[in-house]
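These notes are about the structure you will find just below.
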């Protein structure tokens, strides 16, 4: 069940990220009528998360001895005519190291959310805390401005930590080779014997990741509802309506 819970909140995190990215820009577009302003609003709102995302790429690349051409933070374009909020150019290397560099923002982002919840609200998953306790702490500390700063940081980090298409590009060969290796070992009669302590540790780690993603889902869901209300209000007052179209590949 732990894996199922993790997959559910993981999928919700991705869907909320995509929805928020579109509708933050849509809200700014309905408000100003300027597409450039819409992109800039998205960039400024996600700036802490963008910085953490690209810094994660850069630091992990250095730790793995992968050469980089520096780090760039700012609005730009990619080869596929998509908007980029930041980038780190790394030299081509083996698929394993590229995969580790690509997944770094997700791991670091989850860790950051976990630490914000612990240090900001005194809610640590390894102490038996629940999402309900997290919500109660937010209500208790609502009069403290740092509470809203912490929630904003959770929003900014969680909506910028999902690896991009280019980050995920080398994952295919690594997963395929790993899967084939495991399949061959099973065919040869290998039976893994995992120590009980390792199983417990893995379950605790998965629960901690699920807890961090759950916090992100709750915060981003509340922001999504508020944003939807604001967007509908602006559209009614301005008489303009933004249409969202999913590009087919």
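Worth a mention:
- The chain, relative contact order in percent, only Cα pairs under 8 angstrom and at least six apart counted: 31 percent
- Degrees separating the helix 171-187 axis from the principal Cα axis of the chain, which is the longest one: 30 degrees
- Relative to the longest principal axis of the Cα atoms of the chain, the long axis of helix 145-158 lies at roughly 60 degrees.
- Exposure proxy order (Cβ contacts within 10 Å, fewest to most) of 242, 101: 242, 101
- Taking the helices alone, the chain has a mean residue ellipticity at 222 nm of -23500 deg cm²/dmol, built from -39,500 (n - 2.57) per DSSP H run of at least 4 residues and averaged over all its residues.
- Rough spin-label spacing in nm, given labels placed 7 Å along Cα→Cβ, for residue 91 and residue 183: 3.5 nm
- Computed from Cα atoms alone, the Kirkwood hydrodynamic radius reported for the stretch 2-238 is 19.8 Å.
- Estimated FRET transfer efficiency when R0 is 25 angstrom, pair residue 140-residue 204 (beta carbons, to 0.05): 0.40
- Whole-number Å³ per residue for the convex hull built on Cα positions in the stretch 30-164: 144 Å³
- Cα-based helix-to-principal-axis angle, 2-32 vs the chain, degrees rounded to 10: 30 degrees
Where a number appears in this text, it was derived from the coordinates with a stated rule and is not lab data. Computed from a predicted structure; not experimentally measured. Neighbour counts are summed over all protein chains in view; Cβ atoms, including those assigned to glycine, are modelled from backbone coordinates with ideal geometry.
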